[in-house]
1. Filter the range 242-254 down to the residues that are crowded, with 17+ Cβ neighbours inside 10 Å and touching a helix residue (DSSP H, G or I) at 6+ places or on another chain (Cβ under 8 Å) and list them by number.
2. Inspect all residues belonging to the range 220-238 and state whether any of them is within 18 Å of Lys194 (Cβ to Cβ), outside any helix (DSSP H, G or I), of a type outside the set (Val, Ile, Thr) and at pLDDT 80 or above.
3. So, in the range 81-101, how many residues would count as being surrounded by fewer than 16 Cβ atoms within 10 Å (Cβ to Cβ) and part of a loop (DSSP other than H, G, I, E, B)?
4. Quick check on the range 132-175: of everything there that is more than 29 Å from Lys366 (Cβ to Cβ) and not in a loop (DSSP other than H, G, I, E, B), which residue is farthest from the chain's Cα centre (by Cα)?
5. Determine whether Leu178 is in contact with a Leu (Cβ under 6 Å, 6 or more places away or on another chain) and either outside the structural domain of Ile26 (by TED's automatic domain parsing) or assigned to a strand (DSSP E or B) (or both).
6. So is Asn316 surrounded by fewer than 14 Cβ atoms within 10 Å (Cβ to Cβ) and polar (S, T, N, Q) or not?
Amino acid sequence: MEHDIVMTNAEANRHAIILKLIHKEINGTQAARQLHLSVRQTKRLKARVITQGVKGIIHQLRGVTGNNKLSKELIEKATTYLTEYYPDFGPTFAQEKLAEIHKLTIGVSTVRKLMIEVKLFKPKRRKANGEYRAWRERKASFGEMIQFDGSYHKWFEDRAPECCLLAGIDDATGRVTLKFDTNESIQCVFTFWKEYVETIGKPVAIYLDKYSTYKINHPSATDNKELMSQFQRALKTLGISVIHANSPQAKGRVERLNETLQDRLVKELRLRNISTIEEANIFLKEYAKTFDGKFGVLPKKEGDLHLPLTKHETENLEAIFSVHSKRLVHNDYTLQFKNRWIQLAEIQPTGVCKKDTVLIEERLDKSLHISLRGMYLTYEILPNRPEKTTILLPMLTVTKTKSDWKPPKNHPWRRYEIQNQDASLIRQNVNV
């Protein structure tokens, strides 16, 4: 009897890589680089898939507690000692005292992590390196790393306002992906990479700027404090690594690309009298091919390390490339989001309780989707803020079906309503 095999998204990606290796679409070195494993580990994984099928991808220790895992009691005891006796100690010195006095055998890295969690230790920033910068060799294969950046410039000169060119360049081949947009906000960046993974595939890693791209200080940019976390969350879901450059010189390939385009592309747009972002993006599709033919190089190794989207990723791509926000369900089953009030419907696909935390997805098409425990809820946007009421609401939770039960006349809810009605009649008589 066959049983369904539950796999994580990372395991599905790993299975796709091993299948490409088995079908000889890539070699063992390229597969190992994609899997972030050694060649020997990759060979073992390939052998298990050949003999066991999909089960060979599943880790053999899934669900098994590690032999070296520290007990919860030991961690709590160490945290108590660190807080009471060693709040101003360094991790190394504190670890020595825990072993010497309290006979607790814990590694220095674990002690350091515990002290950071309880805010007893603050890691020091690394000192800046000198001005000497060594030349870095290109990556070996197409799709192994994409350098990405946004360039604000008067691309249309005086014919249109300043805008942003989002540019990605493959480190191994120099192939470019270009797209104009109004700024470098999270929506624009998500639109760029959503189109990229749909048409080309998922690269192994993306190399991008730490500051100028994601903490935007440019007047034309839309600042978003959650931009980096949102971007990292989306790429982590797709299994794409993010590499941060500590300086513009570190990602010099895309920086030089921007300089070249600011010289060449501006003139090409002027010759064609292109003055809008829409017209420019149509032109860029052909221009990128011409640019690749002129400035592109052959990779050191053949093969494409881009991975296609899995079925699960394709079905949830809109949700992945959306801005996620968490909100609390109020007592009247309303939510507040960006100065708007949202009323949850009475009938929902899953139970909703007061004070539940729901996830709001702000899609690229401006639509809102609210989910709880993996289920999307139905709602409506209220025109005004709901008025507060002192009447006790009988609905304690939102359920899948509407209840037909009605409380009897002697029920506390009914008595409470009668008392309120009597009080209102007395007030009316007094006013009269």
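The values are calculated or read from the model by the stated rules, or taken from the named source; none is laboratory data. Just so it is clear, the model here is predicted, and its values are computed rather than measured. Ideal geometry is used to build each Cβ from the backbone, glycine not excepted, and the neighbour counts take in all protein chains shown.
1. Ala245 - this is the single residue of the range 242-254 that is crowded, with 17+ Cβ neighbours inside 10 Å and touching a helix residue (DSSP H, G or I) at 6+ places or on another chain (Cβ under 8 Å).
2. no
3. Result for the range 81-101: 4.
4. Quick first cut of the range 132-175, residues more than 29 Å from Lys366 (Cβ to Cβ) only: 132-145, 147, 157-158, 169-175.
After this cut, where a residue has to be not in a loop (DSSP other than H, G, I, E, B) as well, the list is 142, 147, 157-158, 169-170.
Details: Phe142: 24, Gln147: 18, Glu157: 35, Asp158: 37, Ile169: 21, Asp170: 22 Å.
Applying the filter and picking the extreme gives Asp158.
5. Working: in contact with a Leu (Cβ under 6 Å, 6 or more places away or on another chain): yes; either outside the structural domain of Ile26 (by TED's automatic domain parsing) or assigned to a strand (DSSP E or B) (or both): yes.
For Leu178, the condition - in contact with a Leu (Cβ under 6 Å, 6 or more places away or on another chain) and either outside the structural domain of Ile26 (by TED's automatic domain parsing) or assigned to a strand (DSSP E or B) (or both) - is met.
6. Details: surrounded by fewer than 14 Cβ atoms within 10 Å (Cβ to Cβ): no; polar (S, T, N, Q): yes.
So Asn316 fails the test.
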